[in-house]
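All remarks here apply to the structure that follows.
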Amino acid sequence: MTIPAVNLQQAGSQMTMIPAWVNGFLTPMEKLEVHQKGIRHKAVSVFVMDGTSVLVQRRALSKYHTPGLWANTCCTHPHWDEDPSICAVRRLKDELGITGLQPMFRDQIEYRADVGDGMIEHEVVDLFVAAEKIGSLHLDLDPNEVAETRWVDIYDLAAEVAQDPDIFTPWLQIYLADHLDLVLTDSEKFRSE
């Protein structure tokens with residue numbers, strides 16, 4: 001798999017402190033350092049669903065790792081001492097302009113993946129699902145985060161990933177291969193009113 005090069009200029013402009021485990025204790029650490037050292041850290045992923053259709057995003061070309069690759073609706077790191085559910089709502093708004101959804105926690109997943117240029121995502125991910133009708137979402141993309149979005153049937157997405165994995169983030173590949181059951185829940189009960 002070919003991973004796009006790291007954009008260190010973009011990385012350097014983001015001195016974000018995220019929760020990472022150091023010697024068994026959660027500690028605030030700078031996000032870029034966590035990725036460079038492959039340190040285990042907290043993350044949040046959201047899938048916005050309409051039945052079996054999922055909203056996916058292609059990461060902005062300015063992202064410091066995995067630029068231009070397709071990912072789930074929203075994936076991020078909570079700030080130090082930020083509740084994961086608050087983080088999920090915040091990042092849906094920040095990245096995609098989505099408001100009014102209350103993503104439901106599904107499970108916690110741990111994975112480790114190479115994201116290029118010696119960087120490693122070793123994440124303990126709180127996975128969330130939110131349901132919304134395709135035509136009812138208003139999107140306002142942050143171009144520094146998201147290049148484009150599209151709705152796709154999740155089974156078609158899994159087939160695309162199998163056929164051309166190099167255009168998808170490692171974590172999306174892992175979610176579809178190993179955790180599809182967590183995403184394909186009865187999402188109607190998660191729909192915002």
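What to note about this one:
- Max mean-square fluctuation residue, GNM over the chain, Cα-Cα springs under 10 Å, options 66, 27, 149: 27
- Rounded tilt (10° steps) of 84-96 against the dominant C-alpha axis of the chain: 80
- Shown for 136, 45: other C-beta atoms within 10 Å of each C-beta, ranked fewest to most, produce the order 136, 45.
- Over the chain, dividing the summed -39,500 (n - 2.57) contributions of all DSSP H runs of at least 4 residues by the number of residues returns a 222 nm mean residue ellipticity of -6500 deg cm²/dmol.
- Close lysine pairs were tallied over the chain: pairs 8 or more places apart or on different chains with Cα atoms under 21 Å apart number 9.
- Using the Cα coordinates of the stretch 80-173, the gyration tensor eigenvalues translate into equivalent-ellipsoid semi-axes of 22, 19, 15 Å, sorted from longest to shortest.
- Each distinct pair of alpha carbons in the stretch 14-183 adds a 1/r term; the inverse of their mean, the Kirkwood radius, is 16.1 Å.
- Using only side-chain charges placed at the Cβ, +1 for Lys and Arg and -1 for Asp and Glu, the dipole size of the stretch 45-145 relative to its Cα centre rounds to 340 debye.
- On Cα atoms only, tilt of 154-163 relative to the major axis of the chain in degrees: 50
- Average silhouette area of the stretch 47-119, convex hull of alpha-carbon atoms, in square nanometres: 6.0
- Toward the positive end of the charge dipole of the stretch 14-183, with +1 on the Cβ of Lys and Arg and -1 on the Cβ of Asp and Glu, the farthest Cα among 86, 98, 176 is that of 86.
- Each of 98, 39 was scored by other Cβ atoms within 10 Å of its Cβ. Arranged with the fewest first, they read 39, 98.
- Dipole magnitude (debye, nearest 20) for the stretch 14-183, charges at Cβ of Lys, Arg, Asp, Glu: 260
Read the figures in this text as sums done on the coordinates, not as results from a lab. All figures in this text were calculated on a predicted structure; none of them were measured in a lab. Methodologically, a virtual Cβ is constructed for each residue, glycine included, from the backbone with ideal geometry; neighbour enumeration extends over all protein chains shown.
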